[in-house]
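Student: Sending over a structure as structure tokens; questions will come in a sec.
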Amino acid sequence: MKIALLGYGKMGKVIERIALERGHEIVLKKDEFNTYDGLSTADVAIDFSIPTAAVDNISNSFNANVPVVSGTTGWLEHYDEMVKLCNEKQGAFISSSNFSLGVNIFFELNEYLAKIMAQFDSYKVTMEEIHHTQKLDAPSGTAISLAKGVIENSNYNNWTLEEAAKNEIHIEAKRIGDVPGTHTVTYDSVVDSIELKHTAHNREGFALGAVIAAEWIVGKKGIFSMKDVLNLK
């Protein structure tokens, strides 16, 4: 499989190594200093760039008839535009806040727990996410996905980085050292607390999941998620 890497930072380099180990070929390593030459020869594009570059990367891929796997966060106000373009071009698209197998299992557990806890109003849910100091967006896309998972399965209607109102989920975003990603969902009451936590030890899980998603999407058309890739639906 020929892969175009759109974004060649720390994640891009880990994805490159894993892709090569799995027998794939890298035909483009796109950063701010080069062009999209080679994109049209790719079987799939993997976008792990920055919020300001993601839309251009994804648009250029669809226009070149190349399916896209995107793990960039912080640009999702343009998500509907990219879905529209993908459908117009009869392309294929997976955008996920986190490609880690463990995190996607964590998403499922979070939704299941939210359904149970919705009937117990004595508990207040809060979230914490910790990432490395180079992460540009806050809260993380993973934290937002976790909050949405609770909102869709409970009486909460919003999340906030500020002090939370009655039906809001407070997310505390911390930037510390070189932390790959730690996410905690806590239900707290006067008598006890229930906590779900996922701790990433390195970037390997994110990168492997992205490559597996890229392998899965080749030859398909439509808008997909990691639930499709991992058969969690």
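The values are calculated or read from the model by the stated rules, or taken from the named source; none is laboratory data. Predicted model, so just to flag it, every value in this text is computed and none were measured. Positions of Cβ are generated from backbone atoms using ideal geometry, with glycine treated the same way; all protein chains shown enter the neighbour counts. Note: accessible area is taken over every heavy atom of the protein model, side chains too, but ligands, DNA and RNA are not part of it. Shrake-Rupley method; radii C 1.70, N 1.55, O 1.52, S 1.80 Å.
Student: Using only the alpha-carbon atoms, how far is helix 101-117 inclined from the longest principal axis of the chain? Give it as 0 to 90 degrees, nearest 10.
Tutor: The angle comes out at about 30 degrees.
Student: Further, regarding this structure: Which length gain, in nm to one decimal place, applies between residue 10 and residue 122 when the Cα-Cα distance is subtracted from 0.36 nm times their residue separation? Spell out each step's value before the answer.
Tutor: Details: separation 112, 0.36 × 112 = 40.32 nm, distance 4.27 nm.
Contour length minus the Cα-Cα distance gives 36.0 nm.
Student: Taking the simple approach of a point 7 Å from Cα along Cα-to-Cβ for both residue 176 and residue 111, what is their distance in nm?
Tutor: It is 3.0 nm.
Student: Please arrange 232, 109, 28, 196 by accessible surface area, largest first, computed with a 1.4 Å probe and ligands excluded. Walk me through the intermediate numbers first.
Tutor: Values: 232 60, 109 90, 28 10, 196 35 Å².
Correct descending sequence by accessible area is 109, 232, 196, 28.
Student: Can you give me the pair-distance distribution of region 119-233, C-alpha pairs, 5 Å bins, whole percents?
Tutor: Histogram of Cα-Cα distances, whole percents per bin: 2, 10, 17, 19, 17, 15, 11, 6, 2, 0, 0.
Student: A further question on this structure: Please name whichever of 101, 85, 118 sits farthest to the positive end of the charge dipole of region 77-233, dipole taken about the Cα centre and charges placed at Cβ: Lys and Arg +1, Asp and Glu -1.
Tutor: 85
Student: With each label point set 7 Å from Cα along the Cα-Cβ vector, what nm distance links residue 78 and residue 33?
Tutor: Here the modelled spin labels are 2.3 nm apart.
Student: Just to confirm my numbers, what's the Cα centroid distance between region 204-233 and region 46-107 in Å?
Tutor: Cα centroid to Cα centroid, the span is 12 Å.
Student: For residue 43, what accessible area in Å² do you get when you roll a 1.4 Å probe over the heavy atoms of the protein chains, rounding to the nearest 10?
Tutor: We get 70 Å² for residue 43.
Student: Taking the Cα centre as origin and putting +1 on Lys and Arg beta-carbons and -1 on Asp and Glu beta-carbons, what dipole magnitude results for the chain, to the nearest 20 debye?
Tutor: The calculated dipole for the chain is roughly 560 debye.
Student: Can I ask one more? How far, in degrees from 0 to 90, does helix 141-151 lean away from the longest principal axis of the Cα atoms of the chain, to the nearest 10?
Tutor: The two axes meet at around 50 degrees.
Student: So how exposed is residue 48, as accessible area in Å² (1.4 Å probe, rounded to 10)?
Tutor: Accessible area, nearest 10 Å²: 40 Å².
Student: Rolling a 1.4 angstrom probe over the protein chains, ignoring ligands and nucleic acids, what is the accessible area of residue 133 in square angstrom, nearest 10?
Tutor: Answer for residue 133: close to 90 Å² accessible.
Student: Can you give me the Rg/Rh ratio for region 9-76, using Cα atoms for both radii and the Kirkwood formula for Rh?
Tutor: 0.93
Student: Once the Cα atoms of helix 79-88 and of the chain are each reduced to a long axis, what angle between those two axes, in degrees from 0 to 90 to the nearest 10, is obtained?
Tutor: The helix 79-88 is inclined about 40 degrees to the chain.
Student: To continue, here is another question. Please figure out what share of the DSSP beta bridges in the chain is antiparallel and state it in percent, rounded to the nearest 5.
Tutor: Around 35 percent of the beta bridges assigned by DSSP in the chain are antiparallel ones.
Student: Which entries in 115/197; 84/148; 29/197; 29/233; 2/233; 29/89 show an alpha-carbon gap greater than 25 Å? Numbers along the way, then the final one.
Tutor: Details: 115/197 17 Å; 84/148 22 Å; 29/197 34 Å; 29/233 33 Å; 2/233 28 Å; 29/89 23 Å.
Where the Cα-Cα span goes over 25 Å, the pairs concerned are 29/197; 29/233; 2/233.
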